Every structure is written in structure tokens, then in C-alpha cells.
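*Asks:* One structure, pasted below without further comment.
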Amino acid sequence: FRLSQGGFYGGTPNLGANDTKGPLVDCPSGGTEFHPFVHGAQTPVQETTYPAGIGQAFNSDETVRIMVHYLNTTSDVVDAGVTVTLKYVDASAVKNLAAAVFLDAVGLKVPPGTSTQSYAYQLPMDVNLLGAAGHMHRRGTHFTGTAVFPDGTKQMLYTTDTWDEPMAATFSPAIVLPSGTSIHWACTYANDTGMTLRFGESANSNEMCIFTGTYYPAPGGNGIYDQDFTAGTSQ
């Protein structure tokens, strides 16, 4: 994440002395933070490459928070680690800023049995989509992300049947989404718990339905972020 106390969704960085690297700590909000992010991965290795003249920006008052989630299915302690490598260029080489799309169904409710929860977000501006991915937890069986253009035509942006290590999609050339296009994302679940599952950080006892991506141009570099607090619709 790009973290700034005065920035989008705020947040207090856990820095060390003299603004040095801080200690490893539990996620402040239990793993459900919302900040502008530079990179996200759900696979052991993932690389994002921007076209020439495109890049993300860090402001001078921002810090970097690396959030890492693990599901340990054993009774043993697991030692884990993560490395994030960012390659930088002079600001003069960046003609257009890129940023993230982070569409999050915070109001998600998954009833017992099989159901599909659907959400939509209308783009307020023209964007060029460079990549897309979906995020669910262990009872998610199918994810779709679809662009519905102003004229009603549709284009599939992303789909997967894998919840734990889904591969992200990359678009070269970028997919052009004009202002007024709606991104529809939906998750299908097989909830065998006998209880309604709600949005939360636990892959075992909570669920999520999130559409993410990267796009340009992003004036200011802050990105497109939306949290839908309304209940999804069962189908």
C-alpha cells in the first residue's frame, strides 16, 4: 500500500526511529485495510510491467506497507517471507500515471448453499485497463469481471474458478473503457457451513468478492476505489 495519514482512507504507518523500516506487526485492521496500492499478488511470483511512459508515483509524505496473508492448514509453525522489488525511473520519463482499481463488496453476505453475489461500479472517466484479477475465499467457486459499455455491449475482463492462487490477467494493448462503462463483478459460492458468511479477513470463516486492476491515465495517481456496503443479490 501507499500509506499516508492525510491520504486516501488515512492510516498510521508503523515506522522505526527516524522514519526507518518498522517492525513486523499484526495487520492493524485484521487484514481489511483500504489504501491505494502499488502491487498485489495472489501467486508465489507475480510481475507487473508498465508500457513505456507509464508508471505509478510515490508522494514524499507516503510510506510503504506490505500486507501479507497466509492460511496455515497444518498444526506446525510456518516460516514465511515476501520480497517486493520496485524499479524506478526519473519522473520525466513518466508521461501518464497509472493507478489501481480496487472494487470491494464490504457488504457481502453469503447464505448457506450455492449462491452468486453480484456488484457493479460505473467508471466516471475514460480508462485504459492494463490488467485485472479477482479475489475470493475458500468457498468461492467462480469469479467473473465484465465490462458493460454505455451502448450495452459486454466484454469479459476476468474469470477464474480458483480462489487461493488465481493468476492475474494482463492486457497488451490495454482494454479501453470509456466513461460510463460499468464494471460488473460476481462471485459464486458453495457455502457448506450452514451459516451466513460475511465479509472478513479469514479464508476459513469469512468471504470476499473483490475486483482489482491497474489502469491509466490516473490524474493524481490515486486510483479508483469503491466499497459497496449493500448486500449482494442471490441468483
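The values are calculated or read from the model by the stated rules, or taken from the named source; none is laboratory data. Small disclaimer: the values here were computed from a predicted structure and weren't measured. Cβ coordinates were reconstructed from backbone atoms using ideal geometry, including for glycine residues, and neighbour counts include every protein chain displayed. Quick note on the areas: whole protein, heavy atoms, side chains included, nothing else; ligands and nucleic acids left out. Shrake-Rupley method; radii C 1.70, N 1.55, O 1.52, S 1.80 Å.
*Asks:* 5 Å is the cut-off here: which amide hydrogens, built 1.01 Å from N in the peptide plane, fall below it relative to Lys109, excluding neighbours closer than 5 in sequence?
*Replies:* Those qualifying (amide H under 5 Å, at least 5 residues apart or on another chain) are Gly232.
*Asks:* In whole Hz and in residue order, list the ³J(HN,Hα) couplings for segment 43-48 that follow from phi through the Karplus curve 6.51 cos²θ - 1.76 cosθ + 1.60, θ = phi - 60°; x for Gly and Pro.
*Replies:* So the Karplus estimates, Gly and Pro as x, are 10, x, 9, 8, 10, 10 Hz.
*Asks:* Quick one: pull the percentage of alpha-carbon pairs in segment 154-216 with a separation above 21 Å. The partial results should precede the final answer.
*Replies:* Numbers: 741 of 1953 pairs.
Of all Cα-Cα pairs in segment 154-216, 38 percent lie more than 21 Å apart.
*Asks:* Going by a 4.7 Å Cβ-Cβ cut-off, which cysteines of the chain have no partner at all?
*Replies:* Cys27
*Asks:* Give a residue-ordered list of calculated ³J(HN,Hα) values for segment 138-148 (Karplus: 6.51 cos²θ - 1.76 cosθ + 1.60, θ = phi - 60°; whole Hz; x for Gly, Pro).
*Replies:* In residue order, the calculated couplings are 5, 9, x, 10, 7, 10, 9, x, 10, 8, 10 Hz.
*Asks:* Which aspartates and glutamates have a Cα lying under 17 Å from the Cα of Lys95, excluding residues fewer than 8 positions away in the same chain?
*Replies:* Within the straight-line limit of under 17 Å, Lys95 reaches these aspartates and glutamates: Asp126.
*Asks:* Leaving ligands, DNA and RNA out of it, report the carbon-plus-sulfur percent of the accessible area of segment 82-227 at a 1.4 Å probe.
*Replies:* Working: 3510 of 6820 Å².
Looking at segment 82-227 in its full context, I get 51 percent from C and S.
*Asks:* Just the C-alpha atoms of segment 94-139: what Rg/Rh do they give, with Rh taken as the Kirkwood radius?
*Replies:* When Rh is taken as the Kirkwood radius, the ratio is 1.07.
*Asks:* When the scattering of segment 103-220 is computed by the Debye formula from its Cα atoms alone, each counted once and equally, what is log10 I(q)/I(0) at q = 0.10, 0.12, 0.13 Å⁻¹?
*Replies:* Each listed q maps to, in turn, -0.31, -0.44, -0.51.
*Asks:* Can I ask one more? State the three equivalent ellipsoid semi-axes of the chain, derived from the C-alpha gyration tensor as the square roots of 5 times its eigenvalues, in descending order and whole Å. Could you put the intermediate results ahead of the total?
*Replies:* On the way: eigenvalues 154, 127, 49 Å².
That gives 28, 25, 16 Å for the three semi-axes.
*Asks:* Restricting attention to segment 74-125, which chymotrypsin sites (Phe, Trp or Tyr not before Pro) occupy a DSSP loop and are surrounded by at most 12 other Cβ atoms within 10 Å? Each step should come with its number before you reach the end.
*Replies:* Values: sites: Tyr88, Phe102, Tyr119, Tyr121; in loops: Tyr88.
For chymotrypsin sites (Phe, Trp or Tyr not before Pro) across segment 74-125 that sit outside H, G, I, E and B with at most 12 neighbouring Cβ atoms in 10 Å, the list reads Tyr88.
*Asks:* Label segment 1-79 by shape, choosing from rounded, prolate and oblate, from the square roots a ≥ b ≥ c of the eigenvalues of the Cα gyration tensor; if a/c is under 1.5 it is rounded, and otherwise prolate applies when a/b is larger than b/c, oblate when it is not. Before the final figure, lay out each step's value.
*Replies:* On the way: a/c = 2.03, a/b = 1.22, b/c = 1.66.
Note, shape of segment 1-79 comes out oblate.
*Asks:* Could you run the Karplus curve 6.51 cos²θ - 1.76 cosθ + 1.60 with θ = phi - 60° over segment 202-207 and give me ³J(HN,Hα) per residue in whole Hz, x for Gly and Pro?
*Replies:* Taking θ as phi minus 60°, the curve returns 7, 5, 8, 10, 10, 10 Hz for segment 202-207.
*Asks:* For Lys95, Lys109, write out the residues from largest to smallest accessible area, computed with a 1.4 angstrom probe and no ligands counted. Present the calculation step by step, with values, prior to reporting the outcome.
*Replies:* Details: Lys95 155, Lys109 85 Å².
Final ranking, largest accessible area leading: Lys95, Lys109.
*Asks:* Dipole size in debye (nearest 20) for the chain around its Cα centre, Lys and Arg Cβ +1, Asp and Glu Cβ -1? Don't jump to the answer; show the numbers that get you there.
*Replies:* Details: 10 positive and 20 negative charges, 57 e Å.
That gives a dipole near 280 debye.
*Asks:* Between beta-carbons, use under 15 Å as the cut-off and find the net charge around Leu24, counting Lys and Arg +1, Asp and Glu -1.
*Replies:* Counting the neighbours of Leu24, the net charge comes to 0.
*Asks:* List every residue whose amide H lies under 5 Å from the amide H of Leu157, counting only residues 5 or more places away in sequence or on a different chain, with H placed 1.01 Å from N in the peptide plane.
*Replies:* Hits under the 5 Å cutoff: Gly145, Thr146, Ala147.
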